[in-house]
1. Provide the net charge surrounding TYR161, with neighbours chosen by a C-beta distance below 14 Å and charges set as Lys +1, Arg +1, Asp -1, Glu -1.
2. Could I have the simple spin-label model distance between CYS206 and GLU107, label points 7 Å from Cα toward Cβ, reported in nm to one decimal?
3. What FRET efficiency do you get for ARG224 and ASP192 if R0 is 41 Å and r is their Cβ-Cβ distance, rounded to the nearest 0.05?
4. Using label points projected 7 Å from each Cα along Cα→Cβ, tell me how many nm separate HIS86 and ALA249, to one decimal.
5. What nm value, rounded to one decimal, do you get for the distance between GLU54 and ARG16 when each label is placed 7 Å out toward the C-beta?
6. Within a Cβ distance under 9 Å of ASN62, other residues only, what is the Lys/Arg minus Asp/Glu net charge?
7. Relative to the present Cα-Cα distance, how much length would full extension add between VAL157 and GLU98 at 0.36 nm per residue of separation?
8. Give me the net charge for the shell around ILE191: Cβ to Cβ below 14 angstrom, other residues only, Lys and Arg +1, Asp and Glu -1.
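Every read-out reported here was derived from the displayed coordinates using simple, explicitly stated rules and does not represent laboratory data. Remember, predicted model here, so these are calculated numbers, not experimental data. Note that we place each Cβ from the backbone using ideal geometry, even for glycine, and neighbour counts take in every protein chain shown.
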Amino acid sequence: MGKEKGQCQATGRFGRCPNRARKPGYPYCQKHAEVKGLQHPLVSTEGSRVLIAELKRAGWSNRTIARESGLAENTILGIAHNPTMHRSTAEKLLALRELEPEPFRVEVWPYRRRLQSLQAAGHTGRDIAKGTGLPTSTVSFIVNEEGEWIARGRAEVIERYWREHAADPVRTATAAAMRGGWPVPMWWDDIDDLREKPGVTHCRVCHGLEPFRSTGLCNACRSRLWNAQNRDEVNRRRRERRRKAKEQAA
């Protein structure tokens, strides 16, 4: 009887191996490939899954993991769905533990703060895009609080633009900055401190160092704001003072 297509070609005391070859055109099944030293035994994917999850929490993508390990991206995707994998594949993945490279993505909130603060100081999205080389749509995406991560390369160009322009004279804020009440650069003592509350040491209107209330305004600016928002009450009190002054004079 001729050889069946795709059947393992190994023979033993009980005749031909009934298993299918491990892949088309290959002469042996997985078991006999291991016995003959042509294939390493399969190992569990559990450890590799844990490592992939750790790398993704650090901002790595499947493509990045594949590139750094020398594997195909489809191999990385398949590990999540298969119980076993080749030992050589596992060894390539586990070798990433020794690299300890910088993450390829970083949290976006420090750079969102920078872009919002620059817009509060009068730098438009177009100005920032031109100065950083980023698309205007990317600047808008970051500023409008979309996404939690940013590519390290983009973060670096935003940081560079911030260092160059944070001390620029404050101009008219953009419409978005006015609506959002975003702080100008000088309000920040430590912009990378997640607990930092801007305006704690400076009035958010005149930027002075005078004492301020919980509104973030010094007394003079708080008074002017109240007067502007309560014009009728201001006029009523003014008329009342004039009336009392006339009565006392009489």
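1. Combined, the nearby Lys, Arg, Asp and Glu give +3.
2. Those two pseudo-labels are separated by 3.6 nm.
3. 0.80
4. Here the answer is 10.1 nm between the modelled labels.
5. 4.7 nm
6. That sum, taken over residues with Cβ under 9 Å, equals +1.
7. Between VAL157 and GLU98, full extension yields 18.4 nm more.
8. Residues close to ILE191 contribute a combined charge of -1.
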